[in-house]
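Report on one structure; see the data block that follows.
Bear in mind these aren't lab numbers, they're just calculated from the coordinates by the rules spelled out. Treat the numbers as computed from the prediction; the structure is a model and nothing was measured. Here Cβ is always computed from backbone atoms with ideal geometry, including for glycine, and neighbour counts include all displayed protein chains.
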Amino acid sequence: MAELETRDMLLNVGPAHPAMHGIIRIVTRLDGEVMVDVDVEIGYLHRGFEKMSETVDYNGVIPYTDRLNYVSPLINNMGYCMAVEKLLGISVPERCHYIRVILSEISRITDHLTCVGASAMELGAFTVFLYMIKAREFLWELVEMATGARLTVSYCRVGGVKGDLPAGFAEACAGALKETRKVLEESDALLTRNRIFVDRMSGTGRISSEDAISYGITGPFLRACGVDYDVRKDCPYSVYDRLAFDVPVGTQGDNFDRYLVRMEEMQQSIRIVEQALRDIPDGPIQTNPETGRPIPASEMVDEAKMGNIVAIAGRQAVADPTLDGSAKSQHANISAPEKRVFLPPKEDAYGNIEGLMQHFKLVMHGHGIRPPRGEVYFPVEGANGELGFYVLSDGSGRPYRVRVRPPCFAIMSALPKLLVGDMIADLTPTFGSVNMIGGELDR
Amino acid sequence: MTTQALIETLKSRFPEEVKGSHSYRGDATVVVASGRLLELCRTLKEDAAFQMNLLMDLTAVDFSAFGQVRPAGFFVPSGVAAHPQVEIPDAEPWPGPPAARFAVVYHFYSIALKHRLRLLVPVEGDDPEVDSLSPLWGGADWLEREVWDMFGIRFRGHPNLKRILMYEEFVGYPLRKDYPVNRRQPLIGPVN
């Protein structure tokens, strides 16, 4: 019989395919149903983060970092601020460290919930997606309670955070974590021994630990290959060395192991949050009820202009609700004791000349934070892996260069390696387990 | 290995290549010439003393505007003469930028020995070129494409050096300091 002619087929997945977690184009060459060649095209969401960072002052970069990994913006905030703090050679108060750790672990859970939920939905398990998004909603309410925003949080500042945790945060957190645990249990029951889910996930998208290291993959993706590298354990920063948690590792390096690693990491993050809430140093010292009575900020300014300092001394200004948690009594907990870096409390900015000058020197154009000339690299454990900030200062008020090492860039560069040899239907779970975040990938 | 020991070991292996070193804020940094870069990196990766198996990051810096007054971009100065704040002093000062215009910056990490190293490779000229690390690390492929895209630094021996974040028709290298931040270029689309 004559040889039948066979030809490879080119299939264009994306740029706006429903199962793509962002805008990305994957060009696959198919032999039947098997992918024989894969080309990945990125850059559709490039917004020039690094160029823009060079035009604003050091605190001005923080809103841009929110838009890197927009599923867990607090970790980006923390990474950038800790890099600049390293450059300045300052450290934040202990309570501030704990606040940052609590919020970044909550963000890690929301990130993993999104990733696992979306991958499950793409394989047909819509219920799990709804459950997980419900849990994420509880956690985002916590984030909103502390930061005032759900997505564009801009919560950290160089040398501290925007405000202290609000009253009742610990109770609300305990409640939300209880709900999250319940959702994780339900999802585990629905997925982990589900025949369809396991068949689609196990054995697909496999990568060896040598290849993963060669591509610079970190985070849950690398840990699923059996390498227990976690920045929180291996290069501990903030107060992670005081908190007990385990680093889950996989054995196969396939999609199913990545799912299991992410599920376990959420449990560990809950553990971390609970310990941090237990160990966090006490909150603000209550102000004197006699003198500390709150007055509207506008009245305080008027009194100060007339030189009536006695009337406003020691009193608390009722400022804009966006400044919640940054009253003078709370200020020592959330900011580094370095006047050249952190804004004074509003009571000082309105009430005395030193505070006003400090405020002026930090916010006016041409002033601002001026770190010494130098370069630093600071890594934190992002939800997708090592998130590093390389900040270079030329001694002026604006960063000379800000480079972010995006964890999913490395994973995406290994995508052809992950996909070639698998069936076209395996593209969806493999790509889902990458947890690509367009904002972080393209910056 | 401590940062100092790390720097010293690399210096003893490549005495002519290492041009300078510092450990500002505890980050071990070595400035090396680009001549035997591939060989040096192979030593870093495979030698038992270093075992730098992770190429964590690869980027570049354009030093051409270092220390100069830079244009404000979108934010216009108020016109009020501002006396700059005193710099926050530092116990161990940074030695300063390399003499060349560009520096390619590599960050390595060793999973086994848990140490980090930064490599600065100064390159000069408008069409600079360094060795590609893609024979050693798979991840270098995309990272070098990004540096080519953003800075126009060529990588000798790279298998597929083309733009990655910008589109092919884009003119110029956006992260160079002489590329204005507010320059607009037409978006290239299919011709109707």
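Just a few scattered comments:
- Cys residues of the protein assembly as shown that find no other Cys beta carbon under 4.7 Å: A:96, A:115, A:173, A:225, A:235, A:408, B:41.
- Computed from the C-alpha gyration tensor, the three semi-axes of the ellipsoid equivalent to segment A:89-221 are 32, 22, 11 Å, from longest to shortest.
- Interchain or long-range residues, amide H under 5 Å from residue A:37's placed H: A:29
- The mean of 1/r over all pairs of different alpha-carbon atoms in chain B, once inverted, gives a Kirkwood hydrodynamic radius of 18.7 Å.
- Two-decimal Rg to Rh for segment A:1-111 - Kirkwood Rh, Cα set: 1.24
- Legend: Rg and Dmax of segment B:87-169, from Cα coordinates, 15.4, 48 Å.
- Building the convex hull from the alpha-carbon atoms of segment A:226-363 and averaging its projection over directions returns 11.8 nm².
- What the Cα convex hull of segment A:62-132 gives, in volume per residue, is 82 Å³.
- Cα pair distances exceeding 43 angstrom across the protein assembly as shown, given as percent: 24 percent
- The label-point distance for residue B:46 and residue A:271, in a model that sets each label 7 Å from Cα toward Cβ, rounds to 4.0 nm.
- Note on residue A:420 and residue A:282: the model spin-label points, each 7 Å out from Cα along the C-beta direction, lie 6.3 nm apart.
- Treating r as the C-beta distance of residue A:234 and residue A:2 and R0 as 60 Å, the FRET efficiency rounds to 0.50.
- Integer Hz, Karplus 6.51/-1.76/1.60 couplings in order for segment A:333-344, x for Gly and Pro: 7, 10, 10, 5, x, 9, 5, 8, 10, 10, 5, x
- Where labels lie 7 Å past Cα in the beta-carbon direction, separation of residue B:65 and residue B:171 in nm: 2.0 nm
- Candidate aspartates and glutamates - alpha carbon under 17 Å from residue A:178, same-chain residues fewer than 8 apart omitted: A:105, A:137, A:141, A:186, A:188, A:264, A:265, A:274
- R0 of 25 Å, Cβ-Cβ distance residue B:19-residue A:357: FRET efficiency to nearest 0.05: 0.05
- Neighbourhood charge, 12 Å Cβ-Cβ cut-off, centred on residue A:53 and excluding it, Lys, Arg +1 and Asp, Glu -1: +4
- Ordered by the number of other Cβ atoms lying within 10 Å of each residue's own Cβ, fewest first, B:104, A:249, A:404, A:27 fall into the sequence A:27, A:249, B:104, A:404.
- Environment charge at residue A:255 (Cβ cut-off 12 Å; Lys +1, Arg +1, Asp -1, Glu -1): -2
- Within the straight-line cut-off of under 13 Å between alpha carbons, the aspartates and glutamates reachable from residue A:346 are A:299, A:320, A:324, A:354, sequence neighbours fewer than 8 places apart in one chain being disregarded.
- Going from the residue with the fewest nearby Cβ atoms within 10 Å to the one with the most, A:23, A:309, A:75, A:217 rank A:309, A:23, A:75, A:217.
- Tilt relative to chain A, helix A:126-147 - C-alpha long axis, 0 to 90 degrees, to 10: 20 degrees
- Straightening the chain between residue A:190 and residue A:251 buys 19.7 nm, computed as 0.36 nm per residue apart minus the Cα-Cα spacing.
- Under 18 Å from residue B:11, Cα to Cα: lysines that are on another chain or at least 8 residues apart: B:19, B:45
- Cβ-Cβ FRET estimate between residue B:187 and residue B:129, R0 fixed at 30 Å, reported to 0.05: 0.50
- Each Cα pair under 8 Å and six or more residues apart adds its sequence gap; the mean of these over the residue count of chain B is a relative contact order of 21 percent.
- In segment A:294-443 the Cα-Cα distances spread across 5 Å bins starting at 0 as 2, 8, 12, 12, 11, 10, 10, 8, 8, 7, 5, 3, 2, 1, 1, 0 percent of all pairs.
- Pairs exceeding a 30 Å alpha-carbon distance, out of A:162/B:177; A:86/B:177; A:162/A:233; A:86/A:233; A:328/B:114; A:51/A:339: A:162/B:177; A:328/B:114.
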